[in-house]
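**Q** Structure incoming, see below.
The values are calculated or read from the model by the stated rules, or taken from the named source; none is laboratory data. It should be emphasised that the depicted structure is a prediction, and the values quoted were computed from it without experimental measurement. Neighbour counts are summed over all protein chains in view; Cβ atoms, including those assigned to glycine, are modelled from backbone coordinates with ideal geometry.
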Amino acid sequence: MPDRTTTTAGSPRRRPRREDVRAGLLAAAREVFEEIGYVAARLDAIAERAGYTKGAVYSNFGSKQELFATLLGERLADTAADVLAQVEELTTLEETVQHAARYLARNVIREQRWHTLVVEFALQAGRDPEVGDVFREDRRTRRTLLAATLAERAGAFGAPSDPEHYTVFATVLLATVNGMAVECAADPEAVSEDQVAGSIAAVLHAALAP
């Protein structure tokens, strides 16, 4: 039988599914984090925004840092999947590099608040050991996923297809995207989409060239 709760009027009401609660909390968390930053964000405010209690946050994520790390992981997976979908039908190295670089550059320009938030989380990781543990694990996951994504495309151009070969390139790509995002946030008029795309393309060329 479906799980039900009871309203104050006594009529049965279906209890939200766990995956729906989780998705709602993640959406609310991103809104609150982007509005006021990681440090200032409170779990009770996130829960209230999503329409749940703070206990729902703890039962799904355990802590604020784990909640934010989940957002990071899901966003990276979505971005990697989007980039692969964008370049799937492309057959030349130059087309692939330019298309992927342009996509990522637009993301940097349009999502400045998100990228600034990631930098704030990174700085907090250097001050708070618990945040640091979560952040380091997230970065390792990011590097692994990016290395696998690069390897998946590189084989088509005669480059090595072993993900281990791309670990350093994955780190440089992350640093490039994050660094350009910081520059955009600090002085948006001084950094253009073309400049961001060019920086990312340089890393991708070096990584994917046979």
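**Q** Name the helices (runs of 4 or more DSSP H) wholly within region 12-106 that hold at least 3 residues that are under 30 Å from G158 (Cβ atoms) and in contact (Cβ under 8 Å) with a residue 60 or more places away in the chain?
**A** Values: elements: 18-36, 43-50, 54-61, 64-87.
Result: 64-87.
**Q** Can you say whether R113 is without any contact (Cβ under 8 Å) to a residue 60 or more places away in the chain, more than 20 Å from V87 (Cβ to Cβ) and out of contact with any Ser or Thr (no Cβ under 6 Å at 6 or more places or on another chain), as far as the supplied structure shows? It would help to see each step written out before you state the result.
**A** Details: without any contact (Cβ under 8 Å) to a residue 60 or more places away in the chain: no; more than 20 Å from V87 (Cβ to Cβ): yes; out of contact with any Ser or Thr (no Cβ under 6 Å at 6 or more places or on another chain): yes.
Criteria not met by R113.
**Q** Determine the pairs where a residue that is in the same structural domain as P160 (by TED's automatic domain parsing) and polar (S, T, N, Q), located within region 187-210, has a partner that is part of a helix (DSSP H, G or I) and surrounded by 12 or more Cβ atoms within 10 Å (Cβ to Cβ) with Cβ atoms under 8 Å apart, the partner being 6 or more residues away or on another chain.
**A** The qualifying pairs are Q195/M180; S199/T176; S199/M180.
**Q** Looking at V182, V168, V134, V191, can you tell me which residue is farther than 23 Å from Q86 by Cβ and either among the hydroxyl-bearing types (S, T, Y) or touching an Asp or Glu at 6+ places or on another chain (Cβ under 7 Å) (or both)?
**A** Numbers: V182 fails: either among the hydroxyl-bearing types (S, T, Y) or touching an Asp or Glu at 6+ places or on another chain (Cβ under 7 Å) (or both); V168 fails: either among the hydroxyl-bearing types (S, T, Y) or touching an Asp or Glu at 6+ places or on another chain (Cβ under 7 Å) (or both); V191 fails: farther than 23 Å from Q86 by Cβ.
Step by step, each of V182, V168, V134, V191 is checked, and only V134 is farther than 23 Å from Q86 by Cβ and either among the hydroxyl-bearing types (S, T, Y) or touching an Asp or Glu at 6+ places or on another chain (Cβ under 7 Å) (or both).
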